[in-house]
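Have a look at the structure below before the remarks.
The values are calculated or read from the model by the stated rules, or taken from the named source; none is laboratory data. Bear in mind the structure is a predicted one, so any value in this text is a computation, not a measurement. Cβ placement follows ideal geometry from the backbone for every residue including glycine, while neighbour counts extend to all protein chains displayed.
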Amino acid sequence: MSTTPISDTSPRFFYGWIMVIVACVKGSFNVGSAVFATSLFLAPMHEDLGWSRTLIFGALAVRTIGGGMLSPLVGPIGDHPWAPRIALPIGSIIFGVSFILVKWADTPLEYYLTYGGLGAIGLALTSNPILEGVVLKWFVRKRASAITWMSIGAPTGVMIFPPVLAFLISAAGWRDAWLWMGIGTIAVMLPLSLLVRTSPAAMGLLPDGDRPGDSERVSSARDRAITNERSFTRREALHSKSFWLLCLGLVLAVIGLPGYQAHWVPYFEDIEFSRGMATSALAVFGMFSIAARLVWGYLSARHDIKALMVVQAALAAMGIVFILTVQNNFMLFAWAVYQGLTLAVFFQLQALLVVTYFGRAHIGAIRGVMFPFITLGSASGPMIIGALRDWLGSYNIPFTMVIITWILAGVVIYMAKPPKVESTEAVA
């Protein structure tokens, strides 16, 4: 496929930041309208339909696991010259429709087919392997900044969606709240997805907004190392010990993310906080999570990513100890601040670590293989924790289990050394 000649002049606004905006918004909808939406819809759906926590979160598991299982197929789309321009708009529509149809779900089967099955397809076609693959092709030296701003979407979703959905559920009922969430998803995500381009070369641009010859003037040793990185093919990555250790570490960590986060509102309601107070704490968490991403992004551009991930895992484990001690409003909001500063930065750090280890040329395909394992941990977490809560009548033991998984994640990631493969592919 022909590409536009590289221009000697670069525009004031680098088009690569459009890719970051699209990925950021998608992350906001994915976290805010899926993980936290399920948490907020739990009580009214349980009261109206009589469904258990396990059943309701089970559909979220189907959605997440199904999307993850499709990742090896859709991941290479992020490396293709034009495929993202087709997959992302279609996925945005399916993603929104999966919410809309829940309005008319009266049986568990209907709920699982719409929110779970259809949602898995939409999730896969707008997945992180595709969007991360695109973003990382547009940025090389500035990749830490790009991933940092891309990752801000998730905490923004935490700030926006819980209060909006709580209002919609209260004002219109849970069925119409699903409807309007789906309509809003399509209205926002579809136009943005039409702006995506796979690589700067297709538009006659260079990564980072550079001009020809700029790479020769890079003075930082770290920047030179990144610019001259070598990329592993998917086959080479799969034959490295580092790939499988990272997979294990990431799976252990994500049990302590969506699985744990999805139960925040039910947990606080269990210990007699109001839903309004709980959602206010989530907004505080989201605000400080945004600030944390900027701080950790600054650190990740200057320090070893793996070391930062090990530290983050230890801090995340301490946050779960903190939540188990919350007894009043002051402690609730203090926990929200701490958790915001230490928890969800995992996502930006792990994306940077994987591309640092394996390069960017085939990152969509490589991440596509990782995601089935990651999503198994991510999707099973809410269901396992919900089932244990239903069985034991308390969140103490399930949350203690999450503390252990974070500690193990830090140990395994520490053991994952940079891969060494004799034959690797250079990236221009």
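Which of the numbered conditions does residue 195 fail, given that it passes all the others? Conditions: (1) farther than 29 Å from residue 378 by Cα; (2) over 21 Å from the mean Cα position of the chain (by Cα); (3) at pLDDT 80 or above. Residue 195 satisfies every listed condition except (2). Residues in region 210-247 that are buried (at least 18 other Cβ atoms within 10 Å of the Cβ), modelled with pLDDT of 80 or more and not in a loop (DSSP other than H, G, I, E, B): 234, 236, 237, 242, 243, 246, 247. Evaluated against (1) at pLDDT below 85; (2) in a helix (DSSP H, G or I), residue 9 falls short on exactly one condition, (2).
Screening 339, 348 for residues that are in contact (Cβ under 8 Å) with a residue 12 or more places away in the chain, under 19 Å from residue 247 (Cα atoms), of a type outside the set (A, V, I, L, M) and buried (at least 21 other Cβ atoms within 10 Å of the Cβ) leaves exactly one candidate, 348.
Checked against (1) more than 28 Å from residue 134 (Cβ to Cβ); (2) touching a residue at least 60 places away in the same chain (Cβ under 8 Å); (3) among the hydrophobic types (A, V, I, L, M, F, W, C), residue 353 passes all but a single condition, namely (1).
One residue stands out among those in region 164-208 that are out of contact with any His (no Cβ under 8 Å at 6 or more places or on another chain) and of a type in the set (S, T, N, Q): the one that is surrounded by the fewest Cβ atoms within 10 Å (Cβ to Cβ), which is 170. Only one of the numbered conditions (1) at pLDDT 80 or above; (2) in contact with a Pro (Cβ under 7 Å, 6 or more places away or on another chain); (3) hydrophobic (A, V, I, L, M, F, W, C); (4) buried (at least 24 other Cβ atoms within 10 Å of the Cβ) is not met by residue 161, and that is (2).
Among helices (runs of 4 or more DSSP H) entirely within region 122-197, having at least 2 residues that are among the hydroxyl-bearing types (Ser, Thr, Tyr), closer than 26 Å to residue 210 by Cβ and out of contact with any Ser or Thr (no Cβ under 7 Å at 6 or more places or on another chain) singles out 143-151. Among the residues of region 62-70, is there at least one that is in a helix (DSSP H, G or I), modelled with pLDDT of 80 or more, out of contact with any Gly (no Cβ under 6 Å at 6 or more places or on another chain) and crowded, with 24+ Cβ neighbours inside 10 Å? Among the residues of region 62-70, at least one is in a helix (DSSP H, G or I), modelled with pLDDT of 80 or more, out of contact with any Gly (no Cβ under 6 Å at 6 or more places or on another chain) and crowded, with 24+ Cβ neighbours inside 10 Å, which makes the answer yes.
All conditions but one from (1) free of Cβ contacts under 8 Å to residues at least 24 places away in the same chain; (2) under 30 Å from residue 245 (Cβ atoms) apply to residue 300; the one that does not is (1). Just the residues that are touching a Ser or Thr at 6+ places or on another chain (Cβ under 7 Å) and touching a residue at least 12 places away in the same chain (Cβ under 8 Å), please, taken from region 91-107. Passing the criteria: 91, 92, 95, 96, 98, 99, 101, 102.
If you go through region 266-287 and keep only what is closer than 18 Å to residue 343 by Cα, more than 20 Å from the chain's Cα centre (by Cα) and of a type in the set (Val, Ile, Thr), you end up with just 279.
Would you check if residue 384 is of a type outside the set (D, E, K, R), within 30 Å of residue 83 (Cβ to Cβ), assigned to a helix (DSSP H, G or I) and in contact (Cβ under 8 Å) with a residue 24 or more places away in the chain? For residue 384, the condition - of a type outside the set (D, E, K, R), within 30 Å of residue 83 (Cβ to Cβ), assigned to a helix (DSSP H, G or I) and in contact (Cβ under 8 Å) with a residue 24 or more places away in the chain - is not met.
Taking the stated definitions as given, is residue 361 modelled with pLDDT under 85 and touching a strand residue (DSSP E or B) at 6+ places or on another chain (Cβ under 6 Å)? Yes.
Residues that are out of contact with any Lys or Arg (no Cβ under 7 Å at 6 or more places or on another chain) and not in a helix (DSSP H, G or I) are absent from region 24-45 altogether.
From the list 78, 96, which residue is at pLDDT 85 or above, of a type outside the set (D, E, K, R) and touching a helix residue (DSSP H, G or I) at 6+ places or on another chain (Cβ under 8 Å)?
One residue alone meets the criteria, 96.
Screening the candidates 402, 411 for the property of being aliphatic (A, V, I, L, M), touching a Phe, Trp or Tyr at 6+ places or on another chain (Cβ under 7 Å) and in a helix (DSSP H, G or I) yields one hit, 402. Taking the criterion of being in contact (Cβ under 8 Å) with a residue 60 or more places away in the chain, farther than 30 Å from residue 298 by Cα and touching a Lys or Arg at 6+ places or on another chain (Cβ under 9 Å), would at least one residue in region 108-116 satisfy it? Checked region 108-116: no residue is in contact (Cβ under 8 Å) with a residue 60 or more places away in the chain, farther than 30 Å from residue 298 by Cα and touching a Lys or Arg at 6+ places or on another chain (Cβ under 9 Å).
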